[in-house]
Amino acid sequence: MEPLSEKQIRSSFVNCTKGEATRLKLPLDFAELPWGDLDFLGWVDPGAPLRAHLVLPRVNGPLGISLRVPAVGRTSAVKSSLCQICLTGHASSGVSLLAAPLAGARGREGNTVGIYACSDLACSLYLRGKRQPKLRSGRYEESLTLDERIARMAGSLDAFAAKVTAG
């Protein structure tokens, strides 16, 4: 992913107000992000931990999606979970159901779409083996190349973004 400026990121959001985009906090390590290893930018807002953000690269400029994070303390009987974006297996706390308000009027009416994703949104780093999940068997052995897995992840993100922006 090509590096993005703060202005590019803030102006990219399609499912929140300009005021919300202005108030969001960028990742704490924004100046040191490993852009070359990222296929998208994803982070939990350090100023509002029940908010997360995705910024996807697009031909016409980045596409930002604001997400809601479930409240801490909810427990699940599930011992492990699978991220729908990168297919990394995590302990149950390593995957969260993130809900995105739909863009436009439908989102203002409260309609959302959700996706189970790595709680830290570091899917690109898990895919490349630069970050390891707490679950020992987090990356399943696959016969796909890294490029094929990246393409699959991009397809998952594209499908999710299409749901957020449809209508």
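No value in this document is a laboratory result; all are computed from the given coordinates. Worth saying up front: this structure is predicted, and the values here are computed from it rather than measured. Cβ placement follows ideal geometry from the backbone for every residue including glycine, while neighbour counts extend to all protein chains displayed.
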Subject >> Counted residues, the stretch 79-105 - those being buried (at least 23 other Cβ atoms within 10 Å of the Cβ) and not hydroxyl-bearing (Ser, Thr, Tyr) >> reply: 6
**OP:** Please state which one of SER66, SER93, SER81 is under 30 Å from LEU146 (Cβ atoms), assigned to a strand (DSSP E or B) and over 15 Å from the mean Cα position of the chain (by Cα).
**Re:** SER81
Subject >> Tabulated pairs, the stretch 108-124, first among the aromatic types (Phe, Trp, Tyr), second in a strand (DSSP E or B), C-beta under 7 angstrom, 6+ apart or interchain >> reply: TYR116/SER81; TYR116/VAL95; TYR116/LEU97
Original post:
Mind checking which pairs have a first residue in the stretch 18-30 that is under 18 Å from PRO3 (Cα atoms) and without any contact (Cβ under 8 Å) to a residue 60 or more places away in the chain and a second that is among the small types (Gly, Ala, Ser) and assigned to a loop (DSSP other than H, G, I, E, B), Cβ under 9 Å, 6 or more apart or different chains?
Top reply: LYS25/GLY47; LYS25/ALA48
Subject >> Test: LEU33 is in contact with an Asp or Glu (Cβ under 7 Å, 6 or more places away or on another chain), farther than 17 Å from LEU157 by Cα, surrounded by fewer than 21 Cβ atoms within 10 Å (Cβ to Cβ) and free of Cβ contacts under 8 Å to residues at least 60 places away in the same chain >> reply: no
Original post:
Can you name the number of the only condition in (1) outside any strand (DSSP E or B); (2) out of contact with any Pro (no Cβ under 6 Å at 6 or more places or on another chain); (3) touching a residue at least 24 places away in the same chain (Cβ under 8 Å); (4) surrounded by 14 or more Cβ atoms within 10 Å (Cβ to Cβ) that LEU54 fails?
Top reply: (1)
**OP:** Scan the stretch 1-26 residue by residue and report those that are within 14 Å of ALA48 (Cα to Cα) and either in contact with a Cys (Cβ under 9 Å, 6 or more places away or on another chain) or crowded, with 17+ Cβ neighbours inside 10 Å (or both).
**Re:** ALA21, LEU24, LEU26
